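Down below is the structure, laid out as structure tokens.
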Amino acid sequence: MSAGLVSGREYTKTRPRGAAPWNPGREALEVVSLVHGIVAEYAQPLTIRQIFYRLVGKYAFEKTEKAYSRLGEILNRARRAGLLGWDAIRDDGDYVPEIPGWSGVKQFRNTVIAMEESYFR
């Protein structure tokens, strides 16, 4: 694979992006099958963590960081290979609050004056 710029760093090899073929083993296929059942059971997109804990609770899936990482890799590969829908898993991400701002100096000044007028000890 050719060199590429990823996250601001130069790499000589990168993983394929987007859809990619996958030839999963028996264990990975079993996990994908269980995940299909879990997603159908909840009838809504779930996070990887929710899927992981459901696997742990219902199917005695190993509760380790290694198992969680492996699940993430299986789900990633399954989605990219078309074995699991992209909408089956949600990523809540981080909440970034809106940063207050002003349209100009006049609006900022008026805000400060209003704050000053409403201030009391």
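The values are calculated or read from the model by the stated rules, or taken from the named source; none is laboratory data. Keep in mind that what you see is a predicted model, and the values were worked out from it rather than measured. Don't worry about glycine lacking a Cβ; one is built from the backbone with ideal geometry, like all the others, and counts go over all protein chains shown.
For residues that are charged (D, E, K, R) and over 18 Å from the mean Cα position of the chain (by Cα), scanning just region 24-50, find the one that is farthest from Leu71 (Cα to Cα). Show your work before the answer.
Of all residues in region 24-50, those charged (D, E, K, R) come to 26-27, 30, 41, 49.
Then keep just the ones that are over 18 Å from the mean Cα position of the chain (by Cα); that gives 26-27, 30, 41.
Details: Arg26: 14, Glu27: 11, Glu30: 11, Glu41: 18 Å.
Among those residues, the one meeting the criterion is Glu41.
Residues of region 81-121 being surrounded by fewer than 10 Cβ atoms within 10 Å (Cβ to Cβ), aliphatic (A, V, I, L, M) and either touching a strand residue (DSSP E or B) at 6+ places or on another chain (Cβ under 8 Å) or assigned to a helix (DSSP H, G or I) (or both), which ones?
Restricting attention to region 81-121, the residues satisfying the condition of being surrounded by fewer than 10 Cβ atoms within 10 Å (Cβ to Cβ) are 86, 91-101, 103-106, 115-121.
Still in the list and also aliphatic (A, V, I, L, M): 96, 99, 105, 115.
Of everything in region 81-121, those that are surrounded by fewer than 10 Cβ atoms within 10 Å (Cβ to Cβ), aliphatic (A, V, I, L, M) and either touching a strand residue (DSSP E or B) at 6+ places or on another chain (Cβ under 8 Å) or assigned to a helix (DSSP H, G or I) (or both) turn out to be Val105, Met115.
Across region 27-80, what is the total count of residues that are surrounded by fewer than 16 Cβ atoms within 10 Å (Cβ to Cβ), outside any helix (DSSP H, G or I) and either small (Gly, Ala, Ser) or without any contact (Cβ under 8 Å) to a residue 40 or more places away in the chain (or both)?
Total meeting the criteria: 6.
What is the one condition in (1) touching a residue at least 12 places away in the same chain (Cβ under 8 Å); (2) more than 27 Å from Gly18 (Cβ to Cβ) that Ala88 does not satisfy?
Checking Ala88 against (1) touching a residue at least 12 places away in the same chain (Cβ under 8 Å); (2) more than 27 Å from Gly18 (Cβ to Cβ), the one that fails is (2).
Is it fair to say Ala20 is at pLDDT 95 or above and surrounded by 10 or more Cβ atoms within 10 Å (Cβ to Cβ)?
Numbers: at pLDDT 95 or above: no; surrounded by 10 or more Cβ atoms within 10 Å (Cβ to Cβ): yes.
No: the conditions fail for Ala20.
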